[in-house]
Amino acid sequence: MNKNLTTSVATVVMVIALIAFAALAPRPFESLLTTIQTRVIGEFGFIFTYPAFFASLLFVGIALTPLGRLRFGEESPEFSTLAWLGMLFATGMGIGLVTWGVLEPRYHVEAGLSRDQALLYAFNHWGLLAWAGYLAIGVIFAHAMYNMRLDKPAESLLGGGFLSKLNLVSLVVSTVIGLSLTFSYAADPLQKSAAQFLGIEVGSTTIIVALSLFAIASSASGLKRGIKWLSNYNALLALALMAGIFVLTAPLEILATFARLMPDYVLQYPAMALEVGYDDPEKKAWLADWLYAFEAAWYGWFIFTGVFIARISKGRTLRQLVLGVMLVPSLFSCLWFTTFGIGGLNTGAEDVFALMAFVDEHGFLSAILALNILLFFVTSADSAGLVCEMLTVQRSRAFWIVTMAALAVVINWLDGDIFKVILSLISVAAIPVAFGIFALVSAFLIRLRQYRSQPSTADGVAVNPLACHHQSEFRTTRRLP
């Protein structure tokens, strides 16, 4: 308990130090981040993309084998499939899809790319490469918690020593920064929505405080009520938005484009994922700004989302996770970008809010969008607080939500260039997080090898789940005393 409390204090101190540095010396801080981004991420960004690419292939291959029947835990799934998928969507990247669905294709087209190539790049940035990382961390933590019975795998896999504590601090710091930025980013659209629908001017600090209170209320209601219910509503509202844009813009063009580009995405996926811009400075710069930057940001979220996925996936099989965490969400992400990308390009809308106003002058879709954003942020903050609690001290979820909100308030007070500086911080912070994740994966594989070498008997000694070939065997697995 004391060690976990020390980790929590160290995390808070680290976050405060970073923000103080950014506030007191913004230009040197920005220069440092830019140097790291261009020289480290720009030159060695493949350290983010290559592991995610090979992980995506590995898990698809495993899902097709008998090992895909591996069940995490002995019980039946805790949540229904629809509720489970809703929570995955809301926590994984719901607000990111809402925000970038219109923006990214437009950016690429304005840079001179064709519509098809713009959408393919969006597929690559938000598809398999992103969800494969969530899947990998989710599988590792689910197997460690429910089959290996490891308490706090983020620490125990690395031995619980100083290095494991240091790694844990970086993981929690990354989660806090990421969610603080998400809170900050919510302030502007929700301010506009309050002015449009309620006719009142609300400050960004008030918006963030309200969001944190909603998130704390959600956390107090419990996982099976707060996050579950709100995530289900989120998914329904998001589907309603996509259906509205689909019907009111160019349904035949959207369907034709999606059907044409999906095979291209599958065929071009290895080349796009493994691209390094060899001897091409322009291409390297583009990769640093887009593919590598996105993947670095995903690494900053892999632990937060992966641990949450593990928490809600007890009783599910490895094959179900491959389908539900990587393949189905990737397919949905591609459909989302096709719908909103074409809708935005055809109407000339600059962002998703302009698109909603263009296709629905009565404001019905805009109201749904505002509510969708609100619920996405509440569920993200609640689930992030839950993960921070799992990684640190029990009953600290409200504390972490307040910490994220406080950091978001500071970021909005700073305003100006400092906001862009802090935005770039998450991709730079992902560098130590990436190495921490690699260390966790290596430690897990070593522990897994030892676990598999345990003798199996029919008399009181555990039958190894990895050696089983039928679901019934997984359900009757027993542990060593």
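Here, P(r) means the percent of Cα pairs in each 10 Å bin from 0 to the largest distance; for region 254-362 it is 11, 27, 36, 22, 4, 0.
Kindly give Rg over Rh for region 86-138, based on alpha-carbon atoms, with the Kirkwood expression for the hydrodynamic radius. Intermediate results must be reported in sequence, preceding the final value.
Numbers: Rg = 12.6 Å, Rh = 12.0 Å.
Rounded to two decimals, Rg over Rh is 1.05.
Pairwise inverse Cα distances across region 2-475, averaged and inverted, put the Kirkwood hydrodynamic radius at 22.9 Å.
For the chain, lysine pairs separated by 8 or more sequence positions, or belonging to different chains, with Cα-Cα distances below 29 Å total 14. Remark: spin-label model distance residue 6-residue 259 equals 6.3 nm, labels positioned 7 Å along the Cα→Cβ axis. Against the main long axis of the alpha-carbon atoms of the chain, helix 417-452 sits at an angle near 20°.
The longest part of the chain holding none of the exposed loop GluC sites (Glu not before Pro), meaning those outside H, G, I, E and B in DSSP with at most 13 other Cβ atoms within 10 Å, is 202-349. The long axis of helix 204-220 is offset from the longest Cα principal axis of the chain by roughly 30 degrees. A simple spin-label model places the labels of residue 282 and residue 58 3.7 nm from each other, with each point 7 Å out along Cα-to-Cβ.
Between residue 23 and residue 114, the contour length at 0.36 nm per residue exceeds the Cα-Cα span by 28.7 nm.
Using R0 = 22 Å, the C-beta based FRET efficiency linking residue 38 and residue 413 works out to 0.15. One Cα centroid belongs to region 372-408, the other to region 279-330; the line between them spans 20 Å. Principal-axis analysis of the Cα atoms of the chain puts helix 251-273 at an angle of about 50° to the longest axis. Rounded to the nearest 0.05, the FRET efficiency derived from the C-beta distance between residue 354 and residue 328 at R0 = 41 Å is 0.90.
Using the Cα centre of the chain as the reference point, and only Cβ charges (+1 on K/R, -1 on D/E), how large is the resulting charge dipole? Debye, rounded to the nearest 20.
Working: 30 positive and 30 negative charges, 417 e Å.
Dipole magnitude for the chain comes out near 2000 debye.
The slack in the chain from residue 361 to residue 166, taken as 0.36 nm per residue of separation less the alpha-carbon distance, amounts to 65.0 nm. Taking a point 7 Å out from the Cα of residue 402 in the direction of its Cβ, none of the residues of region 295-322 has a backbone N less than 17 Å from it.
Note on residue 248 and residue 442: the model spin-label points, each 7 Å out from Cα along the C-beta direction, lie 5.3 nm apart.
Between region 161-180 and region 56-90, what's the alpha-carbon centroid distance in Å? Using only Cα atoms to place each centre, the spacing works out to 26 Å.
Every number in this text was worked out from the coordinates using simple rules, so none of it is lab data. Computed from a predicted model, the values in this text were never measured in an experiment. Heads up, the Cβs are rebuilt from the backbone with ideal geometry, glycines too, and the neighbour counts pull from every protein chain shown.
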